[in-house]
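Rule-based calculations on the coordinates, nothing more; no lab input. This is a predicted model, so every value here is computed, not measured.
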Amino acid sequence: MSDWILSPHLNGSDHRIKDDINFEWSISNQKLKIHCKPPIRDSISWYQNQILLTINLVIMKYLISITKQFALSIMIFYACSISAQAPPVYAVVDFMKVEPKKADQYLELEKAYKKLHKSRQEKEELLNWALYYLPEAGVGSDYNAITVNFYRGNESLAGHFEKPMAANAEEILSEQELHLVENSPDFRDRIKTEVYQLKLNLDHDDTDFPKVIWMSYRYLKEGKGMKDLMEVEQNMVRPIIENGLENGTINSYQIYERKLPSGSSTNHQVAQLYTFDNLSQMLAYPPTHAAQFAKQNKGVARLNFEIGVSGVYKTEIWMLADCLCTP
């Protein structure tokens with residue numbers, strides 16, 4: 001009968017074969033001790049087996065150590081990657097309704113607000129601000145002017161809602177401008193506010209602020225999410241946009257995810273922006289985009305394509321009226 005016990009020791013190691021065989025081996029300052037009473041005729045083969053057993057144990061411990069180091073490296077790399085990610089960029093979009101007879105006063109109001117936005121930008125509380133108008137909007141349109149405030153990071157976005165916009169207005173504005181700001185509702189109606197997060201931005205390093213935007217509001221089809229959409233954007237759309245950037249047929253391209261308001265009752269979850277220098281460039285782009293898309297993806301040849309992930313809720317044209325990028 002064999003009777004063997006594994007136990008750690010702290011003393012030196014030796015190998016002895018007696019009536020009762022003791023076997024000891026050092027592993028990282030510990031001793032692996034094996035006691036056994038084998039049959040005499042099997043003692044040599046038994047001893048060889050114990051050597052193999054000990055070697056295997058040493059190898060196992062080494063592999064476990066390597067695995068722990070590898071896992072630790074992965075954790076450190078992951079932590080560094082997370083910390084290195086840039087804060088998200090948000091756009092707070094206010095949709096305004098301006099009566100034609102109040103258009104001039106409204107523009108003066110936004111010029112006053114521009115000074116306040118400039119002050120916030122200098123304090124690094126705001127990335128940028130822009131004012132757009134919809135050239136095709138008629139009397140029956142829900143809105144015809146749009147302001148966009150851009151923020152970097154959650155704290156800056158929270159500041160948009162928590163900090164009074166005109167807290168230091170008296171220090172910056174003239175008496176007439178201050179009167180306009182204090183009576184803003186007299187010159188425009190804020191129809192709604194939406195918050196978007198930038199998910200994809202393709203442009204040149206020297207791209208100016210978008211002067212003309214082809215805005216496409218898209219909804220995600222049932223069972224589809226942003227991950228599905230972004231996979232399509234990266235694999236199917238991005239090569240077409242990069243080709244357009246290279247040959248100058250488009251200035252930039254962005255995908256924004258709508259964060260607020262949200263829920264199952266919302267009519268769109270995504271804003272898709274094609275930007276141009278002027279209307280002529282924009283009107284010339286769809287055939288170019290369609291041809292490149294058809295070449296790359298046979299059987300589909302249109303600007304706002306549907307490929308099973310998203311569909312178009314509506315499209316509209318935004319034209320730049322003012323921004324912090326202009327004096």
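Please list, ordered by chain and number, the residues whose modelled amide H lies under 5 Å from the amide H of Asn144; skip anything fewer than 5 residues away on the same chain.
Amide H to amide H, under 5 Å and 5 or more residues apart or across chains, Asn144 pairs with Met96, Lys97, Val98.
Could you give me the ³J(HN,Hα) list for the stretch 272-285, computed from phi with Karplus coefficients 6.51, -1.76, 1.60 and θ = phi - 60°, whole Hz, x at Gly and Pro?
In residue order, the calculated couplings are 10, 10, 9, 10, 9, 7, 7, 5, 4, 5, 5, 5, 7, 6 Hz.
Provide the gained length on full extension for the span Ala290 to Asp277, in nm with one decimal, where the gain is 0.36 nm per separating residue minus the Cα-Cα distance. Don't skip to the answer; put the middle values down first.
Working: separation 13, 0.36 × 13 = 4.68 nm, distance 1.97 nm.
Stretched out fully, the Ala290 to Asp277 stretch lengthens by 2.7 nm.
Mind listing the phi-derived Karplus ³J(HN,Hα) values for the stretch 96-111, rounded to whole Hz, using 6.51, -1.76 and 1.60 with θ = phi - 60°, and x for any glycine or proline?
Result, ordered by residue: 10, 10, 10, 5, x, 6, 10, 4, 5, 5, 5, 5, 5, 4, 5, 5 Hz.
If the limit is 30 Å between Cα atoms, which of Lys123/Lys221; Lys97/Lys259; Lys123/Lys227; Lys102/Lys259; Lys163/Lys199 go over it? Please list the in-between numbers first.
Working: Lys123/Lys221 41 Å; Lys97/Lys259 23 Å; Lys123/Lys227 35 Å; Lys102/Lys259 32 Å; Lys163/Lys199 26 Å.
Exceeds cut-off: Lys123/Lys221; Lys123/Lys227; Lys102/Lys259.
Calculate one ³J(HN,Hα) per residue across the stretch 240-246 by plugging θ = phi - 60° into the Karplus curve 6.51 cos²θ - 1.76 cosθ + 1.60, and present them in order as whole Hz with x for glycine and proline.
Karplus values, whole Hz, x for Gly and Pro: 5, 5, 5, 5, x, 5, 5.
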